[in-house]
Amino acid sequence: MQKFKEEVGQVVAQLVSLEPAEVLNLLEVPPDPTYGDLAFPCFTLAKSMKKPPPLIAKELSEKLSGQKGQFWEKAIPVGPYLNFHIDPKAYSREVMRQVWEQGNEYGKTNLGQGANVPVDYSSPNIAKPFGVGHIRSTVIGHALYLIYNALGYNSIGINHLGDWGTQFGKLIVAFKRWGEEQLLEDKPVDYLYQLYVEFHRKAEEDPSLDDEARSWFKKLENGDEEAVDYWNRFRQLSLETYESIYGLLGIEFEYYHGESHYNQMLDRVIDIVQEKGIAKESEGALMVDLEPYNLPSVMLRKQDGATLYITRDLAAAIYRHETFAFARSLYVVGAEQTLHFQQLFKVLELLGFEWASKCVHVPFGMIRFKEGRMSTRAGKIILLEEVLQRSIEMARAIIEEKNPDLEDKENAAQAVGLGAVRFGDLSNDRVKNIEFDWEKVLDFSGETAAYIQYSHARICSILRKAGGDFLQWDDRVVSLLVEDEEICLIKSLALLPEKIITSAESYRPSVLARYLIDVARDFNRLYHNCPVLSSEAELKHGRLLLISATRQVLANGLALLGIIAPEKM
Ligand code: ARG
């Protein structure tokens, strides 16, 4: 809790030759709360004071004996540390009042002061399925988008669609030869993928198809009307499908700037690179030598004049900087593209863009679906839409069984089903490969969204039973919360703001996700050991305020992971 920290900073600074801010930087949280709530390590003072750290800790504690502040109540030396204990009552009051007063805003700060943070995420490829890799990018990217917004940054969601490249030549050939209007209209994303696969199969027998495809792509690049028409339709229809999936997930992008968006900027990018003299021509191709930096060299233009994925990313990075003057620019893309981003950022650096260091690749591992209950039409490929629908279906069945009388089952099934997919991903450290197991992600008592959502709904139900009158702030009743379970829960609630910051700084929504599990656990411990509704009036009032604050923290936290917390389930 910030106020407690600041107070300790002041107190220590008055006794030693350090500024309060310096003390703040040194403060640590002791591993075991029984040792205290904040520890000041005395190592740094040992030199200037010419004394061993344990002695310094002891002397400082003597100077403070008999005193207490607004939040700290005693300072006790433990080895080389001076450990401050918080006054539980003052602390509880402060934390709970903050949650109470800030409501939906609790946890948010204005660290970013409106600075722009483009988040490049999801970014599927047209004609290829919206597959599992894109699920992770979508879920992690959206969480980071929300988390950065909560910290006062202006997040800008950019979908860097794979909407350009030789595959469009192939699609045009395939569609002209074997395409069926109706199928394209009905299921554009699946159908384009089918055509793409079919094209490859047929091209193996008849290589002239490849030449034909190349020539169509050339036409497309030259702005041929027929080619552009096809491309536009394929793109537009695919986009509509994507948008319906995003809609289900509550995701909106500020920009669908796909790769094609940068086509007109590529000449300029090549010029910049040549002016800077960092590229060399090699048999008509344009290369940037990155060997001195232990990276493979990159090609920015092929012999035939065609540009590449990285050329468009170069244009995109420059465009984003010119348009948004970003504080950071995030790319939420699988770890298999790590090299690509190292090369991209290195080229930006060589071009002399000092902002290159603000570009961040946020990689993640693979996701594998445990065989069994999920079978797919497409064989090996699992499509996001299917995963989501499947999850909702399973959630519906569980809810039907657990709570057959629930009024709005559909709403709950959606929240739980979608939450399971998101949380199943987000609760893992993103760099790890994950195995997605339906049994696990929908387990109401496991480390799942459902567990948190269920705790949230349970609180809502207690509050409903208590009736609204109890929900009024009262300092006095909050002071009655002194049981271990209560203090422990309050201390957890206090952590939301810093957990959000850590999630953002480390680009790890998993920090927030794991924290919410802890809060739900602490709540369940309280719920089992400390009666709420049957307690005597004032204690009951205090506990109702506590669980109401808990509800707020769970809802605020889940919202930043893109997960809805229903009031009933
Ligand atoms: N469309 C690419 C893929 O699916 C991801 C694009 C990521 N963003 C970027 N700026 N390169 O592999």
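The values are calculated or read from the model by the stated rules, or taken from the named source; none is laboratory data. Just so it is clear, the structure is predicted and the values come from calculations on it, not from any experiment. Heads up, the Cβs are rebuilt from the backbone with ideal geometry, glycines too, and the neighbour counts pull from every protein chain shown. Only protein heavy atoms, including side chains, enter the accessible area calculation; ligands, DNA and RNA are left aside. Shrake-Rupley method; radii C 1.70, N 1.55, O 1.52, S 1.80 Å.
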Distance between modelled label sites at GLU538 and ASP186, nm, 7 Å Cα→Cβ extension: 7.1 nm
Mind checking the full-extension length gain between LEU248 and SER297? Use 0.36 nm per residue of separation minus the Cα-Cα distance, one decimal, nm. 13.5 nm
Taking only C-alpha pairs under 8 Å that are 6+ residues apart, what is the relative contact order of the chain in percent? 15 percent
Most to least packed among 473-481, 488-496 [average Cβ atoms within 10 Å]: 488-496, 473-481
Ignoring ligands, DNA and RNA, what percent of the 1.4 Å accessible area of the stretch 442-569 is carbon and sulfur? 49 percent
Determine which aspartates and glutamates satisfy two conditions relative to LYS440: a Cα distance under 17 Å, and not lying fewer than 8 residues away in the same chain. GLU371, GLU393, ASP425, ASP429
With +1 at each Lys and Arg Cβ and -1 at each Asp and Glu Cβ, the charge dipole magnitude of the stretch 263-361 around its Cα centre, to the nearest 20 debye, comes out at 300 debye
Hey, can you find the accessible area per residue of the chain for me, probe 1.4 Å, expressed in square angstrom? 45 Å²
I'd like the orientation of helix 496-505 relative to the chain: the angle between its Cα long axis and the longest Cα principal axis, in ° from 0 to 90, rounded to 10. 30 degrees
By how many degrees, 0 to 90 and rounded to 10, does the Cα axis of helix 208-221 deviate from the longest principal axis of the chain? 70 degrees
Between LYS89 and GLU567, how many nm apart are label points set 7 Å from Cα along the C-beta direction? 3.5 nm
Tell me the net charge near PHE175. Cut-off is 10 Å between Cβ atoms, PHE175 excluded, with +1 for each Lys or Arg and -1 for each Asp or Glu. +2
Longest principal axis of the chain (C-alpha) makes with the long axis of helix 188-205 (C-alpha) an angle, in degrees to the nearest 10, of 50 degrees
Which net charge results for the neighbourhood of ILE156, defined as the other residues with beta-carbon distances under 12 angstrom from its beta-carbon, given Lys and Arg at +1 and Asp and Glu at -1? -1
Could you work out the helix-only [θ] at 222 nm for the chain, with each DSSP H run of four or more residues adding -39,500 (n - 2.57) and the total divided by the number of residues, to the nearest 500 deg cm²/dmol? -18000 deg cm²/dmol
Return, ordered by residue number, the residues of the stretch 162-188 whose backbone nitrogen is under 17 Å from a label point located 7 Å along Cα→Cβ of LYS202. 167-184
Cα→Cβ-extended label distance, 7 Å offset, between GLU19 and SER506, nm: 2.8 nm
Within the stretch 258-337, GluC sites (Glu not before Pro) in DSSP loop having at most 11 other beta-carbon neighbours inside 10 Å: GLU283
Cross-link list LYS74/LYS491; LYS176/LYS219; LYS5/LYS358: which exceed 22 angstrom alpha carbon to alpha carbon? LYS5/LYS358
Extended-chain gain in nm, criterion 0.36 nm per residue less alpha-carbon gap, GLN264 and LYS3: 88.7 nm
Order the peptides 81-92, 130-141 from the highest to the lowest mean number of other Cβ atoms within 10 Å of their residues. 130-141, 81-92
Provide the three semi-axes, in whole Å and in decreasing order, of the ellipsoid equivalent to the chain as defined by the square roots of 5 times the Cα gyration tensor eigenvalues. 52, 33, 17
Summing Lys, Arg as +1 and Asp, Glu as -1, what charge do residues with Cβ under 9 Å from the Cβ of PHE326 carry, PHE326 excluded? +3
How big is the dipole moment of the chain about its Cα centre under a simple scheme where the beta carbon of each Lys and Arg is +1, that of each Asp and Glu is -1, and everything else is neutral? Debye, nearest 20, please. 1520 debye
For the stretch 75-201, alpha-carbon Rg over 2.2 N^0.38 Å: 1.87
Please work out the C-alpha center-to-center distance from the stretch 266-300 to the stretch 448-512 and express it in whole Å. 54 Å
